[in-house]
Amino acid sequence: MAGEFQVLTAPYVNVSISTSSQSGGFLERRFDKGITIAELKAKLELLTGGKSDTMKLEVFNKEDTLVCTLHPDSAVLGSFPVDDGMRLHVIDKFELRSEIEDTSKVEKFSLSEEEYAKRQDTLKAYLERNKLGKYNEEEMKANEEQRKKDEAEERAAGEAISPGGRCEVRVPGQPTRRGTIMYSGPVDFKSGWWIGVKYDEPLGKNNGTVNGKTYFTCQPKYGGFVKPMNVVVGDYPEEPDELDEM
């Protein structure tokens with residue numbers, strides 16, 4: 001009858017990750033139990049800065065007691081008693097870095113571009129194998145298309161805002177400010193399209209000049225630059241300066 005039963009476990013495990021070189025809190029990550037220890041080390045290389053070909057992995061339970069060591073590299077993670085809430089502790093040569101005071105005595109290690117490209121234990125090799133980041137052509141193409149679309153929409157919104165009109169500036173997390181539109185276009189200090197506004201009150205950051213270039217003129221602290229999406233054009237009367245009432 002025993003053959004009629006199976007022991008089923010969750011396909012993923014949630015663990016914390018630590019190294020003896022860290023001083024802050026632990027990282028929390030979720031891993032597929034079907035990956036090999038070699039694949040797990042490659043992922044931890046990205047997270048900890050250790051080297052996958054030299055690191056050693058230990059598993060601690062919630063009582064901080066050593067449960068096991070993960071080896072050999074060909075074994076799968078699910079073959080070890082690793083459960084949710086446990087901790088993976090990464091041991092590697094980076095633990096010795098804090099003990100080295102005179103770095104001039106340390107032998108420098110370097111690789112040519114050709115040698116680096118041949119290695120399979122590097123970040124570049126991991127990204128290429130998993131088609132991540134710049135090695136995912138479809139994702140990179142989609143990101144570039146979205147970037148161009150966003151730029152076009154921002155430019156169109158900016159071109160529709162003409163200097164001389166009145167507006168309200170509505171930036172999330174900040175109070176609404178009224179002012180006069182003084183500039184609409186690209187700037188040297190940041191990318192994209194920007195709207196220069198002369199506020200009715202001294203709630204800005206400049207006088208229309210940034211990094212030595214003048215885009216418009218106003219009193220100090222009355223000028224500011226915001227994105228078109230934060231500008232609402234309308235017939236907004238100028239707010240009275242409270243100082244005039246003193």
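Taking every Cα-Cα distance in the stretch 161-235 and sorting them into 10 Å bins starting at zero, the pair-distance distribution P(r) comes out as 21, 59, 19, 0 percent.
Excluding LYS62 itself, calculate the net charge of residues whose Cβ lies under 10 Å from the Cβ of LYS62, where each Lys or Arg counts +1 and each Asp or Glu counts -1.
Local net charge: -3.
For the residue pairs LYS148/LYS190; LYS149/LYS213; LYS56/LYS134; LYS41/LYS118; LYS43/LYS149; LYS190/LYS221, the alpha carbons lie more than 22 Å apart in LYS149/LYS213; LYS56/LYS134; LYS43/LYS149.
Sorting VAL15, VAL187 by the number of Cβ atoms found within 10 Å of their own Cβ, with the fewest placed first, yields VAL187, VAL15.
Measuring r between the beta carbons of LEU46 and LYS213 and using R0 = 45 Å, the FRET efficiency lands at 0.65.
None of the figures in this text is laboratory data; all of them are computed from the coordinates on show. Keep in mind the model is a prediction, meaning the values are calculated, not measured. With ideal geometry, Cβ positions are generated from the backbone for all residues, glycine too; neighbour counts draw on all protein chains shown.
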